[in-house]
1. Using a 10 Å cut-off around each Cβ, can you sort HIS79, HIS35 from fewest to most neighbouring Cβ atoms?
2. What angle, in degrees between 0 and 90 and rounded to the nearest 10, separates the Cα long axis of helix 31-43 from the longest principal axis of the Cα atoms of the chain?
3. From zero outward in steps of 5 Å, how is the percent of C-alpha pairs of the chain spread across the bins?
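Rule-based calculations on the coordinates, nothing more; no lab input. This one's a predicted model, so the numbers in the text were calculated from it and none came from an experiment. Reconstructed Cβ throughout: ideal geometry from the backbone, glycine too, with neighbour counts over all protein chains shown.
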Amino acid sequence: MNPVDIGPRSVGEGRPCYVIAEAGSNHGRDLAVAHRLVDVAADAGADAVKFQTYTGRDLYSTRAPRFDYLGELGERPVHELLDDLALPREWQPELAA
């Protein structure tokens, strides 16, 4: 298999593992927390950090059943709950810098 270049790194057989840290939606829609997740991943030696960018409507129908097990929080439509967890696309350039 031929190596693939990711930025300054060459990835492939016989080369060091390329480590991707999973930040997901653990930022809580707080840009400072998202930056901290990137910093911690870099300090741990990760080569990249993966955030999840989506909208609730991309994942669930507006007619999807509610998550009753969440109690009062589950009274809101599922797509709205997910929107509250989503990483705003406007943050991507700043976090990638």
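1. HIS35, HIS79
2. Approximately 30 degrees, to the nearest 10.
3. 2, 12, 17, 16, 15, 12, 11, 7, 4, 3, 0
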